[in-house]
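Trainee: Structure provided below as C-alpha cells; questions to follow.
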Amino acid sequence: MAMDMGIENASGVVVAYWKVTGLNLAFTGKRGAIMLGGYLSKETRDADKEQVQLKQVNIQTALYDEYFSLDKLNTTNCIELAYNYLLAVYEEFLDAELI
C-alpha cells in the first residue's frame, strides 16, 4: 500500500511514490505523527533504492479520535488508518491515489 502523488521537492525533483514508514501514537494527549518515505517511483522502491525525501505529518489532536480511536485500531490495520488520514486531511495528498 502506498500513495501515488507527484510532489516537487525543494531540489526540483518530482517525488511520485509515498509510503508510510512509521506511525507514532500517544493515547495520552491524543497526539501522533505519520512518517513517510518518498521515492521517485514504485519501480525505484521495488528495486530497494533509497527514499529521496522524508516527511513527518503531525496528527491534529481534534481529529485523533476520528481516525485513530481505540475502536478503529482494534478493527483496522493502523497503517491503513494512517493512509485514510493522509488522503482526507493532509493538503498535499488530498488528490493522491492509493495504490
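The values are calculated or read from the model by the stated rules, or taken from the named source; none is laboratory data. Quick caveat, the model's predicted, so the values are computed rather than measured. Backbone-built Cβ (ideal geometry, glycine too); neighbour counts: all protein chains shown.
Trainee: When residues of the range 49-99 are filtered for being in a loop (DSSP other than H, G, I, E, B) and more than 15 Å from Asn24 (Cα to Cα), how many remain?
Mentor: Residues of the range 49-99 in a loop (DSSP other than H, G, I, E, B): 49-52, 59-60, 69, 76-77, 90, 94-96, 99.
Subset that is more than 15 Å from Asn24 (Cα to Cα): 49-52, 76, 90, 94-96, 99.
Number of matching residues: 10.
Trainee: Test Gly37 against the criterion of being surrounded by fewer than 14 Cβ atoms within 10 Å (Cβ to Cβ), modelled with pLDDT of 95 or more and in a strand (DSSP E or B), and give yes or no. Spell out the reasoning first.
Mentor: Values: surrounded by fewer than 14 Cβ atoms within 10 Å (Cβ to Cβ): no; modelled with pLDDT of 95 or more: yes; in a strand (DSSP E or B): yes.
Answer is no for this residue.
Trainee: I'm trying to understand the selection: among the residues of the range 1-46, which are among the hydroxyl-bearing types (Ser, Thr, Tyr), more than 14 Å from the chain's Cα centre (by Cα) and under 20 Å from Cys78 (Cβ atoms)? Step through it out loud before you land on a result.
Mentor: Let us first name the residues in the range 1-46 that are among the hydroxyl-bearing types (Ser, Thr, Tyr), namely 11, 17, 21, 28, 39, 41, 44.
If we keep only those that are more than 14 Å from the chain's Cα centre (by Cα) too, we end up with 11, 28, 41, 44.
Hit for the range 1-46 is Thr28, nothing else.
Trainee: If I filter the range 65-81 for residues that are hydroxyl-bearing (Ser, Thr, Tyr), surrounded by 14 or more Cβ atoms within 10 Å (Cβ to Cβ) and under 17 Å from Ala2 (Cβ atoms), do I get at least one hit?
Mentor: no
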